[in-house]
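To start, the structure itself, in structure tokens.
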DNA sequence: CCTTGACTTCGAGCGCGCTCGAAGTCGTAC
DNA sequence: GTACGACTTCGAGCGCGCTCGAAGTCAAGG
């Protein structure tokens, strides 16, 4: 009931890949240039993105969204290319990043509290319940 | 039992202000240059930061930490200078910013989930409880 | 044939938010 | 006096992450 001998190579043009991942074609080329991606070429020299490529782009995008510097992403990707024995180091990078993200969320949450407080001072609504502290060195 | 006639003007040098707010003196000057701060001078032309100035710097720092563009902060500060009648507009800016921060926290939280998932794939620990989904287009 | 359009490479440019440093001015200490 | 150190102004520089665009290649369509 499964398909015949050879697997069909499902690949995508750069425009397609851009549409599917939500990053621009320019950025896809840029990522490749700086070594974050290794993309195959068709006989005419055009990029073909397979599922793995797209998955990587999506993952990169998550890392970027969470502010991992491109420098660090490049290190991670280099480790991936070096083979399975680098998994511990990759794990370490991800764990360090995890900690950074948690810290960043914390920072944002604190800033949010300050902004929310200011909003209530201005008499606006924030959608949250407040325990108001006093002290309003106003601005 | 309270103090005599004139209030003592408690002000701080730029080095002091920098130490108290955690931003560099260079940055304090920069913020002033671009109009985020109005700082008094002593007879020798040196900056003196009062409590209000420090409070503003601290608030600015929160806005910056939460990624409000300097352009927007400048607009806000300009409104403050224009007087009380601009409070509705200030409120609007803060509310828009609040929404942006909430959205950003959300985004980070999603990215965190992805990173956490990857960490467990690598066999590491994240400190969180996971409901594992399958699908591992690995990298 | 010629055009169109999607692609290629690669260097340059941009917007942001600082960050630095040169050159000058003070007040105090020795 | 002179040396120090903390400050001043202001223009330039930097690191980051794209973003753009020029010039060229190629295949399909009319």
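Points worth noting:
- Residue in region A:39-50 that is touching a strand residue (DSSP E or B) at 6+ places or on another chain (Cβ under 9 Å), in contact (Cβ under 8 Å) with a residue 40 or more places away in the chain and within 11 Å of DNA strand C (Cβ to nearest atom) present: no
- There is at least one residue in region B:37-55 that is outside the structural domain of residue B:126 (by TED's automatic domain parsing), away from DNA strand D (no atom under 16 Å from the Cβ) and surrounded by 13 or more Cβ atoms within 10 Å (Cβ to Cβ).
- Yes/no for residue A:72 being modelled with pLDDT of 95 or more and either within 18 Å of residue A:9 (Cβ to Cβ) or out of contact with any helix residue (DSSP H, G or I) (no Cβ under 8 Å at 6 or more places or on another chain) (or both): no
- Test: residue in region A:10-24 that is more than 13 Å from DNA strand C (Cβ to nearest atom), modelled with pLDDT under 95 and surrounded by fewer than 18 Cβ atoms within 10 Å (Cβ to Cβ): yes
- Hits in region B:83-110 - residues which are under 26 Å from residue A:105 (Cβ atoms), touching a helix residue (DSSP H, G or I) at 6+ places or on another chain (Cβ under 7 Å) and more than 8 Å from every other protein chain (Cβ to nearest Cβ): B:93
- Test result for residue A:83, within 13 Å of DNA strand D (Cβ to nearest atom) and either surrounded by fewer than 17 Cβ atoms within 10 Å (Cβ to Cβ) or in contact (Cβ under 8 Å) with a residue 60 or more places away in the chain (or both): no
- Scanning region B:63-72 for residues that are within 8 Å of chain A (Cβ to nearest Cβ) and surrounded by 18 or more Cβ atoms within 10 Å (Cβ to Cβ) turns up B:63, B:66.
The values are calculated or read from the model by the stated rules, or taken from the named source; none is laboratory data. This one's a predicted model, so the numbers in the text were calculated from it and none came from an experiment. Because the Cβ atoms are built from the backbone with ideal geometry, glycine has one as well, and the counts that use them run over all protein chains shown.
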